[in-house]
Amino acid sequence: MSVNTHAPSGTQVRIAHGEHAATITEVGAAVREYAVGGRPVFTPFAEDEVAPAFNGAVLLPWPNRLRDGAYEVDGTAYQVPVSEPERGTALHGLACWQRWVVVKHEAARATLELHLPPSPGYPFDLVTRVTYSLDDAGLRVHVRTTNVGAATAPYGIGFHPWLSADGANLDECTLRLDAATRVTTDERLLPTGTEPVAGSFDLREPRLLAGVDLDDAYVDVLRDADGLSWMRLSAPDGRTSAVWMGGSLDTWQVCTGDHVGDVAFRRSGVAAEPMSCIADAFRTGERLVRLEPGASHEVVWGATLL
């Protein structure tokens, strides 16, 4: 009997344009690596390893944490697996460890699709297409999710790129984030309220990351003249890895990785997560999308090296 061996992240889909190059994986439709002129914009992971911290993955039908993995929709209770047992939460949805199908692959563009299987804990029927494209401006990501079922589905989406410090000591890097309000949390990192940014949580101007430990969501995002909100990680040499999100997304999660499970990965970059909602949205309803049968939800975000 022969056994076919594959990379843990599945088929590797490579796209390039000029100095921009990215690899998208079959598992999670994740950006395994994205670099400009050989310099990483995202902290990469190797082809022969499992993503150590959800690197580059698409997070749906909810991003971040769901308390106890339990929620109700229209009076019916549901339970999804508790995937973060130490905090008693279901973390980052159901799609990030699924094998997506490559439906189109060109030199500088790739589209992957996932028909998320309905399950007892999430018996809704969604089809998601994500398109990654490269041009002179950088990486652009467009996602469209359609409810092909008969019931209204609770829905949220997020993404998990880690901005790369390119080997620099994170304590010597600066971080800037376009947002005015921080989401406060309890010991399980579940939301308790909001407060205006202050102290080390105020990232509206570049802040040195020495001694700064973040795993926090931000709302009331600020936007530039093009309607984009940005997160920027600048290395000591001034080169800046940056993620932006369009008007279809209005929440950031930022994490310095001080407490991720893989010790070797800690403080190797900063998670810059564009999201449509904060944690526990299935329970609180805050920023939650109720996706009607036949309806679609679309978002756009991207990244570049400045």
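The values are calculated or read from the model by the stated rules, or taken from the named source; none is laboratory data. All of these numbers come straight from a predicted model, not from anything done at the bench. Every residue, glycine among them, receives a Cβ derived from its backbone with ideal geometry; neighbour counts consider all protein chains shown.
Brief remarks on what is shown
- Of the residues making up the range 104-118, those that are out of contact with any Lys or Arg (no Cβ under 8 Å at 6 or more places or on another chain) and of a type in the set (Gly, Ala, Ser) number 2.
- Highlighted here are the strands (runs of 3 or more DSSP E) found entirely within the range 134-238 that include at least 1 residues which are aliphatic (A, V, I, L, M) and farther than 16 Å from residue 256 by Cβ: 138-147, 153-155, 179-185, 215-221.
- Matching option when the condition is touching a His at 6+ places or on another chain (Cβ under 9 Å) and within 25 Å of residue 132 (Cα to Cα), among 249, 305, 233: 305
- Filtered residues of the range 202-226 (kept if hydrophobic (A, V, I, L, M, F, W, C), over 20 Å from the mean Cα position of the chain (by Cα) and under 27 Å from residue 91 (Cβ atoms)): 209, 212
- Taking the numbered list (1) free of Cβ contacts under 8 Å to residues at least 40 places away in the same chain; (2) more than 25 Å from residue 72 (Cα to Cα) in turn, residue 285 passes all entries but (2).
- When 247, 257 are checked against the criterion of being in contact (Cβ under 8 Å) with a residue 12 or more places away in the chain, more than 14 Å from residue 43 (Cβ to Cβ) and more than 12 Å from the chain's Cα centre (by Cα), 247 stands alone in meeting it.
- For residue 260: the one exception among (1) surrounded by 12 or more Cβ atoms within 10 Å (Cβ to Cβ); (2) at pLDDT 95 or above; (3) in a loop (DSSP other than H, G, I, E, B): (2)
- Scanning the range 102-115 for residues that are touching a residue at least 40 places away in the same chain (Cβ under 8 Å) and either part of a loop (DSSP other than H, G, I, E, B) or closer than 21 Å to residue 63 by Cα (or both) turns up 106, 107, 108, 112, 114.
- Unmet requirement for residue 175, which otherwise passes all of (1) in contact with a helix residue (DSSP H, G or I) (Cβ under 9 Å, 6 or more places away or on another chain); (2) among the hydrophobic types (A, V, I, L, M, F, W, C); (3) more than 25 Å from residue 10 (Cα to Cα); (4) modelled with pLDDT of 95 or more: (1)
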